[in-house]
2 protein chains.
Amino acid sequence: MKIIVGYDGSDAAKSALAVAKKHAKAFDGTIYVLTSLVGGTREGVEDILKAKSNLEEAVKSVQNEGIPCEEHLLIRGMEPGQDIVQFAKDHDADEIIIGVIKKSKVEKFLLGSNAQYVILHAPCTVVAVK
Amino acid sequence: MKIIVGYDGSDAAKSALAVAKKHAKAFDGTIYVLTSLVGGTREGVEDILKAKSNLEEAVKSVQNEGIPCEEHLLIRGMEPGQDIVQFAKDHDADEIIIGVIKKSKVEKFLLGSNAQYVILHAPCTVVAVK
């Protein structure tokens, strides 16, 4: 089973990773930890280094539990939602796990555009973790 | 593990039920199959009987696989999204599984209001199945 986790280092992403580990153990899966940056002028070198270090930490925590794991830092001009869906299609994924951030009172009636994009366009099951 | 499935007899709901069975087997879970109707003047007797028969069929298919299962037909004036979230809170659920319907080309950039409500307001992880 191929499990993709969208990982940006946030608390929601950490919760998503925890669910991914649980599923990987239960279904004998491999976890693909994905960090997506748009690139170009959107992020600076510092943002990229920070994202890379978050990603490496996440991957290490997966490997420490003996779960097969791959690390992917994608910087190819796509919004994260698009990027994750494209990666899932290219790798024939079975499951995408994403963190859903608790919004402020005003925003909480609209799901973030990336989460919405992933759920609508994913070729597979999507797990939304709080 | 308490797994809630929103079930309306659609193909998407059947896919959701299939994922629920897989998770119940892996995590030693109980499946709560939920059908929600608004009631009042919204549905006629025929709609209710049809929903009930769909629900019973689904529950039978779960029981046939030896998975503990409960059947709940809720008609309490709530929209299905609200109803499922309320039930999940009342029963301290661990996971909600819903089917996400593929929309027409025009509609496909907006997630259905019930799915969106569930993902945003659920007290637990939400699995969206195509």
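The values are calculated or read from the model by the stated rules, or taken from the named source; none is laboratory data. Computed from a predicted model, the values in this text were never measured in an experiment. In this analysis, Cβ positions are derived from the backbone assuming ideal geometry, glycine residues included, and neighbour counts consider all displayed protein chains. Only protein heavy atoms, including side chains, enter the accessible area calculation; ligands, DNA and RNA are left aside. Shrake-Rupley method; radii C 1.70, N 1.55, O 1.52, S 1.80 Å.
If you take the accessible area of A alone, add that of B alone, and subtract the area of the pair, what total do you get in Å², probe 1.4 Å, to the nearest 100?
Working: alone 7470 and 7470 Å², together 12880 Å².
Interface area, both chains combined: 2100 Å², rounded to the nearest 100.
Using protein chains only (no ligands, no nucleic acids) and a 1.4 Å probe, work out which residues of region B:6-29 have their accessible area cut by at least 20 Å² relative to the chain alone.
Hits at the 20 Å² cut-off: B:K22, B:H23, B:A26, B:F27.
Got a sec to turn the phi values of region A:45-53 into Karplus ³J(HN,Hα) couplings, 6.51 cos²θ - 1.76 cosθ + 1.60 with θ = phi - 60°, whole Hz, x for Gly and Pro?
4, 4, 4, 5, 5, 4, 4, 5, 6
Let me know the mean shielding of A:118-125 by other chains, meaning the per-residue number of their Cβ atoms within 10 Å of its Cβ.
5
Within chain B, what whole-number % of the accessible surface is contributed by carbon and sulfur, with the 1.4 Å probe and all protein chains included in the calculation? Mind dumping the intermediate values first?
Values: 3190 of 6440 Å².
Solvent-exposed carbon and sulfur of chain B make up 50 percent of the total.
To the nearest Å, what is the center-to-center distance of region B:24-45 and region B:53-98, using C-alpha atoms only?
For region B:24-45 versus region B:53-98, the Cα centre distance is 3 Å.
Pairs of alpha-carbon atoms within less than 8 angstrom and 6+ residues apart define the contacts here; what relative contact order does chain B have, in percent? Write down the numbers at each step before the final one.
Values: 235 pairs, mean separation 42.5, N = 130.
Dividing the mean separation by the residue count of chain B yields 33 percent.
When the helices in chain B are scored as -39500 (n - 2.57) per DSSP H run of 4 or longer and the sum is shared across all residues, what 222 nm value do you end up with, to the nearest 500 deg cm²/dmol? Could you put the intermediate results ahead of the total?
On the way: 4 runs with 56 residues, N = 130.
Rounded to the nearest 500, it is -14000 deg cm²/dmol.
Taking the Cα centre of chain A as origin, sum charge times position over the Cβ atoms of Lys and Arg (+1) and Asp and Glu (-1), and report the length of that vector in debye to the nearest 20.
Details: 16 positive and 18 negative charges, 109 e Å.
Dipole magnitude for chain A comes out near 520 debye.
Mind checking the per residue accessible area of chain A for me, 1.4 Å probe, whole number of Å²? Walk me through the numbers on the way to the answer.
Details: 6440 Å² over 130 residues.
Accessible area per residue: 50 Å².
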